Amino acid sequence: MLNYVPMVDVDTGRFTVGVFQDVKWAQKGIDALRRAGLAPESITIIAKESAEVGALIEATLGDQGERIETSATGPLLARGPLVAALQGPARDLGKLGLSGTLRRVGFQAHDGRIFETLTARGGVLVSVHSEPRAADALAVLHSYGGGNAAIGAWTGRI
C-alpha cells in the first residue's frame, strides 16, 4: 500500500497570475481588469521596489506595498491577497522567494521560477484572486501583455 504525502499545501482559491514588462504595461492591464468588473481587493501587485511601483500600488490598492527582501529578486514591494498566501504561516516569502512559495497556490515549481526571473528583471507581477472569473482574468492578462499568464491549480475548462 502506498501512502500519499502531499508536498505542499495548496490554497483552494484560484489565483491568476501574469507578469507585465513594466509599470506602464501593468497599469494598462490593471485598468482592463477593473473595467472587466474584477474587484480591486482581488488584485495583487508584486515588483522590484521603486517609487514608480510604490505609486502604482498606492493608486491601485489604496495603500503602500509591503517591502519584502528576497535573495533572488532583491527588495520587492507587494500588496494584495496573493502576498498572504505566499507568506504562509511562517512568513517565509522573503526566504523562499516567489519560486519557493508559488506552489502554495497551485503553480508548478518551474512556473514559480519563471515568474521570479521575470520579476527580477523588472517585470510587474499582477495576480487576481477570483475563482469564478479566473478565465476572464486570464484573457485580460494575456490581451494586455501579461507574460506567462496562467491559472494556478485550476481544475475547470476555458
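The values are calculated or read from the model by the stated rules, or taken from the named source; none is laboratory data. Predicted, not measured: the structure shown is a model, and the values here were computed from it. Using ideal geometry, Cβ is built from the backbone for each residue, glycine included, and neighbour counts are taken over all protein chains shown.
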Review point. Do the conditions hold for Val128, that is, is it crowded, with 23+ Cβ neighbours inside 10 Å, over 19 Å from Arg79 (Cα atoms), hydrophobic (A, V, I, L, M, F, W, C) and touching a Leu at 6+ places or on another chain (Cβ under 7 Å)?
Key: no
Study note, to complete from the structure: Picking from Thr73, Thr119, Thr101, the residue that is on the phi < 0 side of the Ramachandran plot, hydroxyl-bearing (Ser, Thr, Tyr) and at pLDDT 95 or above would be Thr119
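Just checking, which of Val140, Val128, Val105, Val124 is in contact with a Phe, Trp or Tyr (Cβ under 6 Å, 6 or more places away or on another chain) and under 22 Å from Asp22 (Cβ atoms)? Let's see the steps before the verdict.
Numbers: Val140 fails: in contact with a Phe, Trp or Tyr (Cβ under 6 Å, 6 or more places away or on another chain); Val128 fails: in contact with a Phe, Trp or Tyr (Cβ under 6 Å, 6 or more places away or on another chain); Val105 fails: under 22 Å from Asp22 (Cβ atoms).
Val124 is the lone residue from the list that is in contact with a Phe, Trp or Tyr (Cβ under 6 Å, 6 or more places away or on another chain) and under 22 Å from Asp22 (Cβ atoms).
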Check your understanding: Just checking, which of Leu125, Leu118 is touching a residue at least 24 places away in the same chain (Cβ under 8 Å) and not in a helix (DSSP H, G or I)?
Key -> Leu125
**Study point:** Failed item in (1) surrounded by fewer than 19 Cβ atoms within 10 Å (Cβ to Cβ); (2) of a type in the set (Gly, Ala, Ser); (3) over 16 Å from Gly18 (Cβ atoms); (4) in contact (Cβ under 8 Å) with a residue 24 or more places away in the chain, with Ala84 passing the rest
**Key:** (4)
Point to revise | Condition met for Glu69 (free of Cβ contacts under 8 Å to residues at least 60 places away in the same chain, touching a helix residue (DSSP H, G or I) at 6+ places or on another chain (Cβ under 6 Å) and over 28 Å from Ala36 (Cβ atoms)) | key: yes
Study note, to complete from the structure: Listed by range, helices (runs of 4 or more DSSP H) wholly within segment 26-110 having at least 3 residues that are over 16 Å from Gly123 (Cα atoms) and hydrophobic (A, V, I, L, M, F, W, C) are 81-87
